[in-house]
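Heads up: the structure comes next, in structure tokens.
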Amino acid sequence: MMVVDILKELIRIDTRSSCANETEAAVYLKNICDRYNIDNEIIEPVKGKGSIVAHIPGRDKNKGELLLLSHLDTAEYGDLGKWKFHPCSAAEYKGRIFGRGTIDCKGLVSLWLSMLINIRERNVLPERGIIFAAVSDEENGGKYGMEYLVENNQLIRNCWYVIGEGGGFPIKLGNTTYFTCQNAEKGKRSYQIDNAEMDDVEECKETYVGEPVKALIKGLFATKIYNMALVVFLLKQSLMRSNKRRIDVNSLLCSSYNQNRTRQKAMLNISYLPGTNEKAIERILKNTGLNNYDIRLTADIPPSHTAVDTHLYDIIAGETAKQYPKSKVIPYTTPGYSDNRFLRDRGKVVYGYFPLSLEDELSGIHGYNEHISISGLLDACNLMYNVLTVFCGIDNNIPKGYNYTKRSNPGG
């Protein structure tokens, strides 16, 4: 299976964030691109932290190009004794592939590259150019990956649209399956409390602040990061309390803070919504009771968002509904950040969408027994290729969809 073969080989390459070994995976992908005559380049700002950028140009140079974004590095393994299979084994078991990175994010790497191979095998030229990037260093914050590329790579700088990670998680409510589409990320601020006695700073778990209804209204009409499909979902979810998969309303619609301390220092961490102003941040600081102490800002990652009133979002939602007739796509703000933020900060239209199967669980991401169902991966390939067909203007005489189950030798 072409996409499955690529995924398995990538899993077998150890690219944990502590190993600085992404270049090996980038070279593997480069060999595939070279075989299929796909223009590509490896960019390695420091040894081991290599990223690959590949490109299929479009017929219409006036159409902004689409970047298919993913990353090569993974989280650490943790306790190997808690894994059913070794995280580098790419074991296939009961229709699933197990291994570190299957969902975060080598599954998406494999999906994007298989689409470029598809286009090359069909010998078609899309109307809109397509860029593929599998980057390094995402798990460490992106300094040697996307943060470097967005400043130093012309293709990345000049793209207009991006589809990356962060969304596509399915939630079934009644007869409808809702797929999240990441269009926003919360901002993060960390403060070190310098002049407080340690006993004055209590450990504090995530505490939510703000008014969800007001945030929802603001997101609908001001920032336009929400839509009525999300409102309907939240209303339905509130009536179905026994549903296993849920979106935490406070996490979605509220800012929050937590406090932690060690023997050496005390820290305050704030997570805040797009559109939050400085006065709101000051109110959060006042709410903690620490505003009378000397606090020093140690990290500041602004929130990022893309409105949902775009042609690309409509196509993602429309093609999802065609493949899954009883489905809706809903916008989603993630509490954590990804490489998507670097591109939103530069005015790109950015969505995170890797449509998973209801079989697939997110619990293995950064945890144990990370896996993806083969059928779900193949369905995602077909859906996202249909999105590309419509958005990038791939020859309409070529039938949509593709046989991603055919055998290949991707590294040949």
Q.
With the cut-off at 1.5 for a/c, could you classify region 172-301 from its C-alpha gyration tensor as rounded, prolate or oblate?
A. prolate
Q: For Asp309 paired with Gln154, estimate the spin-label separation in nm (one decimal), with each label point 7 Å from Cα along the Cα-to-Cβ line.
A: 3.6
Q: Loop only per DSSP, at most 15 neighbouring Cβ atoms within 10 Å: give me the trypsin sites (Lys or Arg not before Pro) in region 55-105, ordered by residue number.
A: Arg59, Lys61, Lys84, Lys94
Q: Pop the C-beta distance of Ala229 and Ser89 into the FRET formula with R0 = 41 Å and round what comes out to the nearest 0.05.
A: 0.55
Q: Work through the residues other than Val27 whose Cβ is under 11 Å from its Cβ and net out their charges, Lys, Arg +1 and Asp, Glu -1.
A: -3
Q. Which peptide among 218-226, 322-330 comes first, and what is the full order, when sorted by highest mean count of other Cβ atoms within 10 Å?
A. 218-226, 322-330
Q. Can you give me the relative contact order of the chain as a percent, contacts being Cα pairs under 8 Å and 6 or more apart?
A. 24
(Q) Run the numbers for Asp248 and Glu282: contour at 0.36 nm per residue of separation, minus the present Cα-Cα distance, in nm. (A) 9.8 nm
Q | Structure-derived Cα extents along the principal axes in Å: which label, when the choices are (1) 94, 82, 38; (2) 73, 63, 60; (3) 66, 46, 45 | A | (3)
Q: Would you mind checking which residues have amide H under 5 Å from Asp104's amide H? H placed 1.01 Å from N; only 5 or more apart, or other chain.
A: none
**Q.** Orientation-averaged projected area, Cα convex hull of region 242-289 (nm²)
**A.** 5.3
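We did not get these values from a lab; they are worked out from the coordinates using the rules stated. Every value quoted in this text rests on a predicted model; they were computed, and no experiment measured them. Because the Cβ atoms are built from the backbone with ideal geometry, glycine has one as well, and the counts that use them run over all protein chains shown.
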